[in-house]
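Since the structure comes first, as structure tokens, the remarks are kept for the end.
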Amino acid sequence: LGISLFGEIVQKVLLKKVFKYNYKRIYNFYSPLVGTLIVIYILYIPLIFELQGIFFVKLLSSIIFLLGIYNLYLKKELFFSIFEIFKNKQSYITYSIIILYLLLFFIAASPITHADSLDYHFSGGLNILNLGHFHKDIIPVHNILVSIGEIIISIGLFFGAEQLGALVQYSSLLSLIPIFFQKKSDKIFLLAILICPITLFLVSSPKPQLIGAISSLLIFIFLSDQIIKKNSNHLKLSFFLIIFILCLNFLIKFSFIVSSVLLGLFSTYVMIIKKEFISAIFIILFAILITIFPFWVFKYNNFDTQIIDFFLSPLPINIYSFQYFHDFLTG
């Protein structure tokens, strides 16, 4: 609830003040995902530069907790949003979607049972909370895979809430409601997403994968339908937000480098069509400078990882035996 309110505040400022949109209650479904990405980045900076990381994790966790309590008072907004979406649209598909969302919520709220989640995602989040920085040693080798996605786990662990990571994963699925709940054919597609086995697998784990998947999907939809209509100033800001999120996705989970590159090329192509190629280059460089570059510096200082190796593997493959470990994970 705290993360959701955080995202809602930022959304309203961006959409109402900057883009001059008529803010609708239905946009509240995006707020958990928006809030998650913002919280991750805010804590990423002090953690990567080792600037009182423990203090800032605990401080922001406490702020989010207080926002969550305040959001309990404001939760009627969420109920109004849900009511507006589902009213006068009763059908077997609608009821099935509601039931699936409820069941997935209970799964996300269950204790962690995934082996790799318990091994290094959970311990990685715990180390962030206890140490105030990311893993800097070559052993245990799995902990080197820990990245900014585990920040959410550390926030939950500060209050003893191990399920927060999975609940945040689950909440990103709410972002699909405004998109796929308009027509019957779209609702069937949403139903297919919710019953897909991979959705069940990702929702039941705090592993930060569903966040990147959903945000990539939303970016693709926006690129396909909205960005071409923007004026010059709004186009540049939209492009920056897209590249910024794609860079975060890459840092959250290395495998998102594929979708991030493809969507980045697509959005750059739109900028070229709009005759904003030079602006696009500067925006890309700036987004990389404030997101990916600090993490590479961290890897270089602690593992002597060169820039090329950084984009080839989340592991320091320049160190003996890590190439074999990389091949084992990807083979």
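Observations on the model:
- Point-charge dipole on Cβ atoms (K/R +1, D/E -1) for region 221-331, about Cα centre, debye to 20: 500
- Theoretical FRET efficiency, 1/(1+(r/R0)^6), r = Cβ-Cβ of Phe293 and Ser224, R0 22 Å, to 0.05: 0.15
- Shape of region 152-260, Cα gyration tensor, a/c cut at 1.5: oblate
- Packing-based order for 251-261, 205-215, 315-325, using average beta carbon neighbours within 10 Å, highest first: 205-215, 251-261, 315-325
- Subtracting the Cα-Cα distance of Asn302 and Leu265 from their residue separation scaled by 0.36 nm leaves 10.2 nm.
- Surface accessible to a 1.4 Å probe, per residue, for the residues of the chain, Å²: 49
- One decimal place: the segment Lys16-Ser255 gains 82.6 nm when fully extended, by the rule 0.36 nm per residue minus the C-alpha distance.
- With the helix formula -39500 (n - 2.57) applied to DSSP H stretches of n ≥ 4, the chain reaches a computed 222 nm mean residue ellipticity of -21000 deg cm²/dmol.
- Tensor-based shape of region 199-307 (alpha-carbon gyration tensor, a/c under 1.5 rounded, otherwise prolate or oblate): oblate
- Packing-based order for 31-42, 263-274, using average beta carbon neighbours within 10 Å, highest first: 31-42, 263-274
- Extension gain (nm, one decimal) between Ile45 and Lys183, 0.36 nm per residue minus Cα-Cα: 45.5 nm
- Computed packing ranks the peptides 55-61, 12-18, 167-173 as 167-173, 55-61, 12-18, most packed first, by mean other Cβ atoms within 10 Å.
- Prolate/oblate/rounded label for region 259-307 (Cα gyration tensor, a/c 1.5): prolate
- Split the accessible area of the chain by element, probe 1.4 Å, and carbon with sulfur accounts for 71%.
- Residues of region 153-179 with an amide N closer than 15 Å to a point placed 7 Å from the Cα of Ile63 along the Cα-to-Cβ direction: 155.
The values are calculated or read from the model by the stated rules, or taken from the named source; none is laboratory data. These numbers come from a predicted model, not from an experiment. Cβ: placed from backbone, ideal geometry, glycine included. Neighbour counts: every protein chain shown. We work out accessible area using only protein heavy atoms, side chains counted, and drop any ligands, DNA or RNA first. Shrake-Rupley method; radii C 1.70, N 1.55, O 1.52, S 1.80 Å.
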